[in-house]
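*Asks:* Take this structure, written in structure tokens, and hold onto it; I'll ask about it next.
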Amino acid sequence: MEEAVRNSATGTKPLLRVLERERQKIPPLWMMRQAGRYLPEYRAVREKAGSFLNLCFNSKLAAEVTLQPVRRFGFDAAILFSDILVVPLALGRKVEFGAGEGPRLEPLADGEALAALRESIDQEMLMPVYETVAKVKAGLDSKTALIGFCGAPWTVATYMVAGEATPDQGPARLFAYRDPDNFQKLIDRLVRASTDYLVGQFNAGAECVQIFDTWAGVLGPKEFMQWCIEPTAKIIKGLREQVPGAKVIGFPRGVGFQAWSYAKLTGVSAVGFDWTFDREVIAEKFQSELPVQGNVDPVALLAGGAALTREIDDVLKTLGKGPLIFNLGHGILPETPIAHVEEMLKRVRG
Ligand code: CP3
């Protein structure tokens, strides 16, 4: 029975098979930020939508840009087009994306500002995102998986506290050192919000999710445990209470060997690695325990040529012997030539 349920859920989608710990002869491939500015068809829709957030909340256009890279390249997965910062928006914070700049939020500087936050996300506001998920699902073939996502509480908190991208996430670290009780409250709020948000995505048709912890690497070991591992573990536990067996890829960028405790303690189904991590170590220590994702340097993809070939071959040679989801070690850069993406696909599949 369980077997039948499992098979009907995962079917023949290679990416979902890998998340079941089954190595695929040709590793499934997708790219973080695969829907984005390096594609002319994305830029055209983005212009039509007006602002970035308009695009995120227009399910017809968001579904279109989600499907664009899948249509063009035949990736093994579509990733929902949205942003990690719709969660603070749905908790009642102001969030803006200016043309050509990073995000701007009203900074959440102290414990008092917590009073202005909603207890839970405004699900009504997020309905268009769930509609995007459903539309994309309807547009995918039987081989292509649909990935939902959220930001990890720590990474989302860094933007909420600073109000913008910062080089070292100093403002959030300062808040956490000065006022750990209130920082914990903020993280707890984000744990609940993220859990509800991921459940909503699964209910709408997502088949697995990725938790982006882009700024996990700025924390010391104790802080990493408290602000990244514990909250992520709570999200995954809460999610699986409502979506039994939910598959989750964790992406704790830049954490080095602390990825080990992350893999052991959070309950993730697979770990995504950035390009700085030694691939031999990933293969020996991690891949014997769980599937891995990664980890071509996005700058090597930008460079193309011999450097890209070397990087791809190294991932395939070192990680191709076990369950692998082929990906970049972070998002594709907007200036990347499309021909380099085509080359990468050809090499991995050839
Ligand atoms: O991967 C995908 O194709 C799905 C869509 C997606 C976006 N953002 C679209 C986006 C996903 C998964 C994200 C996640 C996200 N958003 C993260 C975590 C992953 C990472 O890249 O580190 C973070 C930190 C954010 C917050 C965010 N959104 C920033 C800092 C910026 C500005 C920097 C930039 O690249 O412009 C964004 C904007 C954003 N999110 C764009 C896209 C396609 C570019 C905006 C535009 O098109 O004008």
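The values are calculated or read from the model by the stated rules, or taken from the named source; none is laboratory data. Values in this document were obtained by computation on a predicted structure and should not be read as measured data. Don't worry about glycine lacking a Cβ; one is built from the backbone with ideal geometry, like all the others, and counts go over all protein chains shown. Side chains are part of the model used for accessible areas, which takes the heavy atoms of the whole protein and leaves out ligands, DNA and RNA. Shrake-Rupley method; radii C 1.70, N 1.55, O 1.52, S 1.80 Å.
*Asks:* What part of the accessible area of the chain, given as a whole %, is carbon or sulfur when the probe is 1.4 angstrom?
*Replies:* 53 percent
*Asks:* Mind jotting down the three principal axis lengths of the stretch 219-350 based on Cα atoms? Whole angstrom, largest first.
*Replies:* 44, 31, 29 Å, listed from the longest principal axis down.
*Asks:* Additional query: Once Lys and Arg get +1 and Asp and Glu get -1 on their Cβ, which of Thr276, Leu239, Ile312 lies farthest toward the positive end of the dipole of the stretch 228-321?
*Replies:* Farthest towards the positive pole: Leu239.
*Asks:* Diagonalise the Cα gyration tensor of the chain and give the resulting equivalent ellipsoid semi-axes, square root of 5 times each eigenvalue, largest first, whole Å.
*Replies:* 29, 23, 21
*Asks:* Let me ask another. Just to check I understand the Karplus step: with θ = phi - 60° and J = 6.51 cos²θ - 1.76 cosθ + 1.60, what whole-Hz values come out for the stretch 294-304, glycine and proline as x?
*Replies:* x, 9, 5, 4, x, 6, 5, 5, 5, 5, x
*Asks:* Just tell me which lysines come within less than 22 Å, Cα to Cα, of Lys137; anything on the same chain fewer than 8 places away is out.
*Replies:* List returned: Lys13, Lys60, Lys247.
*Asks:* In degrees from 0 to 90, rounded to the nearest 10, what is the angle of the helix 305-319 Cα long axis to the longest principal axis of the chain?
*Replies:* It works out to around 90 degrees.
*Asks:* Then there's this: Which angle between 0 and 90 degrees, to the nearest 10, do you get for helix 180-204 versus the longest principal axis of the chain when only C-alpha atoms count?
*Replies:* 50 degrees
*Asks:* Separate question: Picking from Val191, Gly50, Ser288, whose Cα lies most toward the positive end of the charge dipole for the chain (charges on Cβ: Lys, Arg +1; Asp, Glu -1)?
*Replies:* Final value for the positive-end residue is Ser288.
*Asks:* Follow-up question, since we're still on this one. On average, how much accessible surface per residue is there in the chain, in Å², for a 1.4 Å probe, leaving out ligands, DNA and RNA?
*Replies:* Dividing the accessible area of the chain by its residue count gives 41 Å².
*Asks:* In debye to the nearest 20, how big a dipole does the chain give about its Cα centre with +1 on each Lys and Arg Cβ and -1 on each Asp and Glu Cβ?
*Replies:* That gives a dipole near 840 debye.
*Asks:* If amide H atoms are built 1.01 Å from N in the plane of the peptide, which residues on other chains or at least 5 residues away come under 5 Å of the amide H of Gln210?
*Replies:* Gly148, Phe149, Cys150, Ile249
*Asks:* Once amide H atoms are built 1.01 Å from N in the peptide plane, which residues 5 or more positions from Ile79, or in another chain, come under 5 Å H to H?
*Replies:* Distant-sequence amide H within range of Ile79: Ile147.
*Asks:* Using a 10 Å Cβ count of at most 16 others and DSSP loop calls, identify the longest part of the chain lacking such trypsin sites (Lys or Arg not before Pro).
*Replies:* 144-320
*Asks:* Using only Cα atoms, tell me the angle between helix 230-242 and the longest principal axis of the chain; keep it within 0 to 90° and round to the nearest 10.
*Replies:* Long axis of 230-242 versus the principal axis of the chain: about 70 degrees.
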